[in-house]
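Heads up, the thing below is written out as C-alpha cells.
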Amino acid sequence: MNGEPRKRISERALSVWRIYGMIGLAVSFIVFAAIIVLIIVFDGPKWIIPMLIIILIGEGYFFIFFIPALRWRRWRYEVREQEIEIQKGLFVVKRTLIPMIRVQHVDSSQGPLLKKYRLASVTISTAATVHEIPALDEEEAEELRYSISRLARVADEDV
C-alpha cells in the first residue's frame, strides 16, 4: 500500500476533456464577442478588446491543453480486496480510501461523448457519498463494476 495507486484512467479521457474545454471556450467566445460588439456600438474603451482576446487565448490553452493533461496525470485508482483507493486533483492532490464494507452499490454510466470514445465512468456509492472513477475503457469499467460488487459482497458477508 505504499506510493500512489497504480491504475490509470484511459488516455482517451484527454480527448473528451479537451472537447469539454472547447465547448466552454465557445461559450466564452460568444460572451466576449457580445462584449466587443457592445464596446464598438457604444463607443466604449477600445483597449478592452485586445485584453479580451488575450484572456480568450489564455483560457483556450488552459482548459484545452493544460488542465486535461494535468488532470489525466493525477487521476489514479486501485481496487484491493479490502479497499478502493482513488487519487485525483489538479493542484491539490486528494487521495481517498473507500473500505469495501462501506460500498453499497456500484454503477457505470456513459454519456454520448464517452460512448463515442468507447469510455464509461464507474460510480461507487457509500452511505455518506458517491465516488467516481471517470473515463475508463468500456470493458475495464464493466469488469471493475463487477469486481467491486463481488468484493463488497464478500466484505459484507465477513461482517
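The values are calculated or read from the model by the stated rules, or taken from the named source; none is laboratory data. In this text, all values refer to a predicted model and were calculated from it rather than measured experimentally. Cβ atoms come from the backbone with ideal geometry, glycine included; neighbour counts cover every protein chain shown. For the accessible areas, the whole protein counts, side chains as well, though only heavy atoms, and no ligand, DNA or RNA atoms are used. Shrake-Rupley method; radii C 1.70, N 1.55, O 1.52, S 1.80 Å.
Quick notes on this structure:
- Computed per residue of the chain from DSSP H runs no shorter than four, each worth -39500 (n - 2.57), the mean residue ellipticity at 222 nm is -16000 deg cm²/dmol.
- One entry in (1) 20.8, 74; (2) 24.9, 92; (3) 17.9, 68 is Rg and Dmax of the Cα atoms in Å calculated from the shown coordinates; its label is (1).
- Its Cα centre serving as origin, the range 79-155 has a Cβ charge dipole (Lys and Arg +1, Asp and Glu -1) of approximately 240 debye.
- Leading residue at positive end of dipole, the range 98-156 (Cβ point charges), from Leu113, Ser147, Val103: Val103
- Of the accessible area of the chain, computed with a 1.4 Å probe over protein heavy atoms only, carbon and sulfur atoms account for 62 percent.
- Surface analysis of the range 82-135 yields an accessible area of 56 Å² per residue, using protein heavy atoms and a 1.4 Å probe.
- Net charge dipole size for the range 4-159 [Lys, Arg +1 and Asp, Glu -1 on Cβ; Debye, nearest 20]: 500 debye
- Gaussian network model of the chain, springs between alpha carbon atoms under 10 Å - residue of Ala33, Ala141, Ala13 with greatest fluctuation: Ala33
- Signed unit charges on C-beta, dipole axis of the range 52-91, positive-most listed residue Trp75, Ile86, Ile55: Ile55
- Length gained when the stretch Ser108-Tyr61 is fully extended (0.36 nm per residue, less Cα-Cα span): 13.8 nm
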